[in-house]
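Novice: Would you mind keeping the following structure in view while I ask a few things?
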Amino acid sequence: MMVVITYDVATSKPGGIKRLRHVSKKCLDHGQRVQNSVFECVLNSTELAVLKIELKKIIDEKEDSLRIYVLGNHYKNKIEHFGVKTSIDVEGTLIF
């Protein structure tokens with residue numbers, strides 16, 4: 001299923017920059033960055049549950065914001081893109 005993860009980490013507070021890097025790296029481990037703090041991830045329900053737990057351990061819920069949008073398995077007709085930043089087909093074949 002396609003999951004969109006967005007976050008806003010308070011970098012002006014102590015430890016904020018470190019939390020920002022950790023959230024970004026954790027999201028990169030599971031998907032692709034489509035905007036600065038927006039990631040698209042293709043996950044199964046178990047992977048999503050584990051990722052939520054890991055991300056909640058990183059953020060400070062009193063200072064930061066984390067949003068997870070579950071688009072489901074039929075997400076391709078739910079996503080429209082306009083502009084220059086292209087993304088890869090996360091379920092397609094990668095050739096290096």
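Each reported figure results from applying straightforward, stated rules to the coordinates on display, with no laboratory input. Quick caveat: nothing in here was measured; it's all calculated off a predicted structure. Neighbour counts are summed over all protein chains in view; Cβ atoms, including those assigned to glycine, are modelled from backbone coordinates with ideal geometry.
Novice: Pulled fully out, how much extra length does the chain show between I17 and N44, if you take 0.36 nm times their separation in residues and subtract their Cα-Cα distance? Each step should come with its number before you reach the end.
Specialist: Numbers: separation 27, 0.36 × 27 = 9.72 nm, distance 2.94 nm.
Value of the extension gain: 6.8 nm.
Novice: May I ask you to list the GluC sites (Glu not before Pro) in the range 27-63 that are in a DSSP loop and have at most 14 other Cβ atoms within 10 Å of their Cβ?
Specialist: Values: sites: E40, E47, E54, E61, E63; in loops: E61, E63.
Sites meeting the loop and neighbour criteria: E61.
Novice: Of K26/K56; K18/K62; K25/K52; K26/K78; K26/K52; K18/K56, which pairs sit farther than 19 Å apart, going by alpha carbon to alpha carbon? Don't jump to the answer; show the numbers that get you there.
Specialist: On the way: K26/K56 11 Å; K18/K62 16 Å; K25/K52 14 Å; K26/K78 25 Å; K26/K52 10 Å; K18/K56 14 Å.
As for pairs spanning more than 19 Å Cα to Cα, those are K26/K78.
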